[in-house]
Amino acid sequence: MSSEMMYEREEIALKIRKFIESLNHECNGGAIVIVEGKKDGIALREVGFNGEILVYNNFKGIINFVDYVSRKGRKVILLLDRDRKGRTLTSKILKKLELLCPHDGLYYKKRFVKITHGKIMCIENLSNFCLPFIEN
């Protein structure tokens, strides 16, 4: 890997660290971060996320999931993958959430894409990308 590419990855890792700090701050205020699968949650933990994570795949369908999170009455931050399945789920969940509970309107997902220049499609790949550069 060239030193220029290494520098770019290190810079992205530092921005992701700030992103994770921001997510932690949101969760300290009561927000819940939603990820698609168990590996996504593990990757967030590995890079320092310590807020509440709900794994979408632990629920039996969108209606059960939306019913559960809307009853909690807390802000929802969707960090589903950027592959076709993740985009479809995000769209369907947002439509159901609109009337039922507060959410971030994809602010964090869009910020994540911008920070990573779209290079990380799945949250589970986050720790592989960042860990060489993040000091705990």
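Points to keep in mind about this one:
- Cut-off 14 Å between beta-carbons: net charge of the residues surrounding Thr90, Lys and Arg +1, Asp and Glu -1: +3
- For segment 51-136: accessible area per residue (Å², 1.4 Å): 57 Å²
- With a Förster radius of 30 Å applied to the beta-carbon distance between Leu14 and Arg87, the computed FRET efficiency rounds to 0.65.
- Rg over Rh [alpha-carbon atoms, Kirkwood Rh] for the chain: 0.98
- Radius ratio Rg over Rh of segment 40-100, counting only Cα atoms, Kirkwood formula for Rh: 0.96
- 22 Å Cα-Cα threshold exceeded, pairs from Lys18/Lys114; Lys15/Lys72; Lys60/Lys114: Lys15/Lys72; Lys60/Lys114
- The trypsin sites (Lys or Arg not before Pro) of segment 1-44 include none that meets both criteria, a DSSP state outside H, G, I, E and B (loop) and at most 10 other C-beta atoms within 10 angstrom of the site's C-beta.
The values are calculated or read from the model by the stated rules, or taken from the named source; none is laboratory data. Since we're looking at a predicted model, the values are computed, not measured. When we count neighbours, we look across all protein chains shown, and the Cβ atoms used for this are built from the backbone with ideal geometry, even at glycine. When the accessible area is computed, the model is the full protein with side chains, heavy atoms only, and any ligands, DNA or RNA have been set aside. Shrake-Rupley method; radii C 1.70, N 1.55, O 1.52, S 1.80 Å.
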